[in-house]
Amino acid sequence: MGEGGKKALDAEREARKTAESQAKDLQKQLDAANAQLKTAKNEGLPEWQQKFNELQEKLDGALAAQKQAEETAQAATLAQLRTDRAAEKGLPAALAKKLTGTTAEELDEEIDELLPHLGTPGPKPNPQQGNPSQARGGSLAAGRERYAAAHPK
């Protein structure tokens, strides 16, 4: 990297550090403003109402977290179902990721539609192909001599 590239890289790093510090400062200001807003909302309310509002916020947060966890678990279960059904039917794993069905029946239908398009997997490779013949070629006379040497009378 040349001198100009190093200067540009240093300038970019410095700009990133500045942007990160500004983002932290703005986040602190936002948190402080939210705290002031919360106290202003609760100002003038009875203590039980303040407690109720606080508990309602906690409940809303817990419900949102639970919903997110359920969605994540459902997505993982569906991904596992797709992988299992594809492996059971002989569909490659790379294609299993492309399936869109949400039930076992839908997945089976999709897999059955895809399998005919994949074709047969070609012949197995010949392990002898490409190996030298170990100098056993030659004439008929050479073959007789090898046989006679291998099978003495």
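The values are calculated or read from the model by the stated rules, or taken from the named source; none is laboratory data. Source: prediction; values computed, not measured. With ideal geometry, Cβ positions are generated from the backbone for all residues, glycine too; neighbour counts draw on all protein chains shown.
Here is a yes/no grid of residues against (1) among the hydrophobic types (A, V, I, L, M, F, W, C); (2) under 30 Å from HIS117 (Cα atoms); (3) touching a Pro at 6+ places or on another chain (Cβ under 7 Å):
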position: ASP60; (1), (2), (3): no, no, no
position: LYS67; (1), (2), (3): no, no, no
position: GLU71; (1), (2), (3): no, no, no
position: ARG82; (1), (2), (3): no, yes, no
position: LEU91; (1), (2), (3): yes, yes, no
position: ALA94; (1), (2), (3): yes, yes, no
position: THR100; (1), (2), (3): no, yes, no
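For the structure I just gave you, tell me whether THR102 is within 22 Å of the chain's Cα centre (by Cα), not acidic (Asp, Glu) and not in a helix (DSSP H, G or I). The answer is yes for THR102.
For LEU115, the conditions (1) exposed (fewer than 10 other Cβ atoms within 10 Å of the Cβ); (2) in a helix (DSSP H, G or I) all hold with the exception of (1). The selection criterion, being out of contact with any helix residue (DSSP H, G or I) (no Cβ under 7 Å at 6 or more places or on another chain) and either surrounded by 10 or more Cβ atoms within 10 Å (Cβ to Cβ) or in a helix (DSSP H, G or I) (or both), does not hold for GLN50.
In segment 82-91, the count of residues that are exposed (fewer than 11 other Cβ atoms within 10 Å of the Cβ), in contact (Cβ under 8 Å) with a residue 12 or more places away in the chain and within 29 Å of the chain's Cα centre (by Cα) is one or more.
Considering segment 125-153, the residues that are exposed (fewer than 10 other Cβ atoms within 10 Å of the Cβ) and at pLDDT 85 or above include one that is farthest from LEU95 (Cα to Cα), namely PRO152. I need the full set of residues from segment 92-112 which are of a type in the set (Gly, Ala, Ser) and surrounded by 10 or more Cβ atoms within 10 Å (Cβ to Cβ), in order please. Those that are of a type in the set (Gly, Ala, Ser) and surrounded by 10 or more Cβ atoms within 10 Å (Cβ to Cβ): ALA93, ALA96, GLY101, ALA104.
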